[in-house]
Amino acid sequence: MLTAEEITEIDHEIALVPLRRAACIEALKIVQQHRGWISDESLRAIADYMQMSPEELDSVATFYNLVFRKPVGRNIILLCDSITCYVMGYDKLYEHLRGKLQISFGETTADGRFTLLPNACLGTCDHAPALMVNNELYRNVTRDDLDGILDGYK
Amino acid sequence: METPLTQHISSSRPPLNLRDYEQVGGYQALRKVLKSMNPSEVTKTVQESDLKGRGGAGFNTGMKWSFVPMNDGETTKYLIANADEMEPGTFKDRLLLEGNPHQLIEGMIISAFAIQANISYIFLRWAYKKAARLVRHAMDEAYAAGYLGRNILNSGYNLEMYLHTGVGRYICGEETALLNALEGKRATPRTKPPFPQVSGLFGKPTIVNNVETLCNIPHIVNNGADWFKALSPGSDAGTKLYGVSGRVNNPGLWELPMGTTMRELIEERAGGMKEGYQFRGALPGGASTDFLVEQHFDIKMDYKSVAAAGSRLGTGTMIVLDDRTCPVGFVHNLEHFFAQESCGWCTPCREGLPWTEKILLSLEKGQGRPEDLKLLAIHTQFLGPGNTFCALAPGAMEPLQSALKYFREDFERHINEKKCPWVNNHGTH
């Protein structure tokens with residue numbers, strides 16, 4: 001079931017496009033914003049509302065990197081693993097994060113505080129290596145910076 | 001030296017608000033267009049300026065617009081700014097989006113007028129959170145001032161503008177895949193023809209232009225085609241945002257005349273290599289361009305000259321390979337990206353890229369076989385131009401084929417020594 005709030009927001013997006021289903025990515029984003037991720041139940045509810053089959057909507061949901069079809073932690077760390085960050089040594093940051101959080105790429109800490117994901121180029125290569133936590137971008141990150149950055153997210 | 005695109009951008013303050021932008025001449029080009037030009041005059045001016053698409057393809061922008069059917073009674077057309085910057089090593093559109101969003105909006109309104117589009121989108125990369133905030137604010141200001149919406153400046157021309165943020169796939173930067181993403185579908189590229197100019201978003205005539213391309217438009221309208229051509233001493237017109245990243249002293253982004261040499265970019269602007277690092281090569285315009293090496297330092301970085309040297313200008317943002325980074329590992333990182341971002345639609349790309357990635361990884365692990373180099377070379381042909389549905393896989397093969405050419409000995413050392421010779425210098429594999 002979608003909440004009244006979710007439906008209001010989805011209706012707003014539907015009104016902007018000539019075909020109802022064209023708003024389905026927006027609908028996924030809206031529900032994910034409220035619930036953190038897209039469960040099978042959420043997916044079915046959205047598909048029903050968008051007048052699509054769940055399979056059709058899932059083919060869209062699973063195509064995009066940032067639609068989460070698995071539960072994620074309260075905070076999401078996106079570590080850039082693309083070419084300039086590779087040259088500038090993102091692997092040292094990864095090593096540190098793995099040791100500190102005891103998780104690898106694609107995993108969530110046992111306390112649900114962090115999910116760690118690799119991410120394609122963040123477009124700030126003159127300040128590599130870079131990472132994002134939720135909506136915040138961090139640049140020229142060193143191993144020594146990491147603990148301080150993570151402390152800001154509970 | 002004129003720097004029209006970045007003259008009002010400063011990292012030490014927020015971007016110009018509407019009033020400040022107007023005070024430095026902002027929206028004058030739009031006023032001029034709406035007051036004294038018809039759509040075909042705008043298109044002709046842009047075509048004559050020889051502005052070429054700054055997203056990487058390098059096609060004449062005005063000519064692209066000229067393919068949109070005019071006066072045929074079609075009431076719905078679209079103009080889209082491609083702000084899905086995701087080519088690894090590329091960080092130029094971010095500067096324009098965060099630095100002067102009104103410049104982009106003005107360029108979009110003029111471009112939309114030229115093709116008589118009444119709906120426009122900014123297709124913005126999700127990761128550009130700051131840009132999203134600043135662009136949205138600038139759009140609100142432009143609406144409030146009557147530059148967007150119905151009857152713009154009492155001209156009778158209407159334009160709506162929407163900001164769409166994507167959910168992350170490299171292929172969304174391909175213009176027909178971008179259209180599918182906007183339609184709420186998987187972002188697989190479409191067959192061409194029909195070209196988007198004729199049948200694009202929701203089947204309507206559509207122009208998709210890169211952010212940097214669109215930001216040039218107000219300046220061309222204000223100053224004319226000849227002024228734009230004179231900005232560059234070389235064979236291509238205008239200025240270009242050039243970038244350098246990697247182990248250089250001063251990585252960054254600079255607006256310079258189109259055709260600036262690689263030597264000037266690396267040695268002067270980027271301040272040369274960091275102490276203890278030697279230059280080995282560079283991808284001149286993002287991840288999907290062929291390596292250039294030291295013998296190419298004096299080549300002009302314009303479309304023709306870079307192509308003549310066997311590469312592509314691409315996005316104009318260069319990634320430097322240094323001597324302490326393994327060339328095989330470097331290319332493996334690129335192919336990992338391309339394999340991950342393949343949309344899976346056509347077989348050579350979907351199957352070939354993961355194989356390429358696996359072969360490179362086996363070399364890095366010291367498990368390479370002598371025949372692997374031949375196998376990689378075959379892939380560069382099978383995944384090359386003409387064999388795939390779109391340009392993703394051929395682009396992915398560019399750094400690989402040139403690495404096999406310029407760094408062949410390094411590939412061979414991995415096989416002969418049964419290990420990566422850099423493994424102790426550069427992290428984990």
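Just so it is clear, none of the values below were taken in a lab; they were calculated from the coordinates. Not measured: the values here are computed from a predicted model. Please note: Cβ atoms are built from the backbone with ideal geometry, for glycine as well, and neighbour counts cover all protein chains shown.
Quick one: Karplus J couplings for the range A:79-84, per residue in order, coefficients 6.51, -1.76, 1.60, θ = phi - 60°, nearest Hz, x for Gly and Pro?
Going residue by residue, I get 9, 5, 10, 7, 4, 5 Hz, with x marking Gly and Pro.
List B:Ile115, B:Ile319, B:Ile122 from most exposed to least, where exposure is judged by having the fewest other Cβ atoms within 10 Å.
Lowest to highest Cβ neighbour count: B:Ile115, B:Ile122, B:Ile319.
For labels at B:Arg13 and B:Phe202 in the simple 7 Å Cα→Cβ model, what's the distance in nm?
Going by the 7 Å Cα→Cβ label model, 4.1 nm.
Could you give the distance between the Cα centres of the range B:277-326 and the range A:116-154, to the whole Å?
Centre-to-centre distance over Cα atoms comes out at 27 Å.
Which loop trypsin sites (Lys or Arg not before Pro) in the range B:127-166, with loop taken from DSSP, have no more than 16 other Cβ atoms within 10 angstrom of their Cβ?
B:Arg150
Can you tell me what share of the DSSP beta bridges in chain B is antiparallel? A percent to the nearest 5 is fine.
40
Just name one of B:Ala237, B:Val221, B:Val248: the one whose Cα is farthest towards the positive end of the charge dipole of the range B:167-251 (beta-carbon charges, Lys/Arg +1, Asp/Glu -1).
Of the listed residues, the answer is B:Val248.
List the residues whose amide H sits under 5 Å from the amide H of B:Lys240, counting only those 5 or more places along or on another chain, with H placed 1.01 Å from N in the peptide plane.
Residues meeting the criterion, in which the H sits 1.01 Å from N, are B:Leu256, B:Met258.
Quick one: compute the contact order of chain A, relative version, from alpha carbon pairs under 8 angstrom and 6+ residues apart, as a percent.
Relative contact order of chain A: 19 percent.
Could you work out the local net charge near B:Gly276, counting Lys and Arg as +1, Asp and Glu as -1, over the other residues with Cβ closer than 10 Å to its Cβ?
That works out to 0.
Over the whole of B:125-133, what's the average partner chain Cβ count within 10 Å per residue? Rounded to a whole number, please.
4
Take B:Asp236, B:Asp322, B:Asp84 and order them by how many other Cβ atoms sit within 10 Å, fewest up front.
Neighbour counts put them in this order, fewest first: B:Asp322, B:Asp236, B:Asp84.
Output wanted: per-residue J couplings in Hz (rounded whole) for the range B:385-395, from phi through Karplus 6.51 cos²θ - 1.76 cosθ + 1.60, θ = phi - 60°, x for Gly and Pro.
x, x, 9, 10, 6, 9, 8, 4, 5, x, x
Tell me, B:Phe338, B:Phe411 in order of fewest to most beta-carbon neighbours within 10 Å?
Lowest count first: B:Phe411, B:Phe338.
Would you mind counting up the charge near B:Asp290? Only other residues with Cβ under 9 Å from its Cβ, with Lys and Arg at +1 and Asp and Glu at -1.
+1
Hey, what did chain B get for relative contact order, percent, Cα under 8 Å, at least 6 apart?
Reported relative contact order: 15 percent.
Please get the size of the charge dipole for the range B:315-429, origin at its Cα centre, with Cβ charges of +1 on Lys and Arg and -1 on Asp and Glu, quoted in debye to the nearest 20.
So the magnitude is around 200 debye.
Short version: ³J(HN,Hα) in whole Hz for each residue of the range B:130-142, in order, from phi by Karplus 6.51 cos²θ - 1.76 cosθ + 1.60 (θ = phi - 60°), x for Gly and Pro, what are they?
Computed from phi, the couplings for the range B:130-142 are 5, 4, 4, 5, 6, 5, 4, 5, 5, 4, 4, 4, 5 Hz.
Work out the FRET efficiency for A:Tyr153 and A:Lys92 from their Cβ-Cβ distance, taking R0 = 22 Å, and round it to the nearest 0.05.
Given R0 = 22 Å and the Cβ-Cβ separation, E is 0.60.
Measuring from centroid to centroid over Cα atoms, what is the spacing of the range B:203-265 and the range B:345-406 in Å?
31
Quick one: which residues, 5 or more positions from B:Tyr162 or on another chain, have an amide H under 5 Å from its amide H? H modelled 1.01 Å from N in the peptide plane, none for Pro or chain starts.
B:Ser120, B:Tyr121, B:Ile122
7 Å from Cα along Cα→Cβ at both A:Glu5 and B:Asp323: what's the point-to-point distance in nm?
Spacing of the two 7 Å Cα→Cβ label points: 6.0 nm.
Could you tally the net charge around A:Ile103, taking each other residue with its Cβ under 13 Å from the Cβ of A:Ile103, Lys/Arg +1 and Asp/Glu -1?
Charge balance in the 13 Å sphere: 0.
Are there cysteines in chain A with no other Cys C-beta under 4.7 Å, and if so, which?
A:Cys24, A:Cys121, A:Cys125 - these cysteines have no disulfide-compatible partner (Cβ-Cβ under 4.7 Å) in chain A.
Return the long-range amide H neighbours of B:Gln197 (sequence gap of 5 or more, or a different chain), with a cut-off of under 5 Å between placed amide H atoms.
For B:Gln197, whose amide H was placed from the backbone, the distant partners under 5 Å are B:Thr206.
State to the nearest 20 debye the size of the charge dipole of chain B about its Cα centre, where the only charges are +1 on K and R beta carbons and -1 on D and E beta carbons.
Dipole of chain B, to the nearest 20 debye: 660 debye.
How many partner chain Cβ atoms sit within 10 Å of a residue's Cβ in peptide B:182-189, on average, as a whole number?
Going residue by residue through B:182-189 and averaging, the value is 6.
When only Cα pairs under 8 Å and 6 or more residues apart are kept, what is the percent relative contact order across the range B:274-370?
24
Quote the FRET efficiency, to the nearest 0.05, computed for B:Glu160 versus B:Gln278 with a Förster distance R0 of 41 Å and r equal to the Cβ-Cβ distance.
Working from the Cβ atoms, E equals 0.15.
Once you average over the residues of B:280-292, how many Cβ atoms of partner chains fall within 10 Å of each Cβ?
Per residue, the average neighbour count from other chains is 1.
As a test of the formula, what do you get for chain B when each DSSP H run with n ≥ 4 contributes -39,500 (n - 2.57) and the sum is divided by the residue count, at 222 nm and rounded to the nearest 500 deg cm²/dmol?
Taken over chain B, the calculation gives -12000 deg cm²/dmol.
Return the FRET efficiency for the residue pair B:Asn223, B:Asn151: r is the Cβ-Cβ distance, R0 is 22 Å, and the value is rounded to the nearest 0.05.
0.20
Give me the percent of DSSP beta bridges within the range B:112-258 that run antiparallel, rounded to the nearest 5.
55
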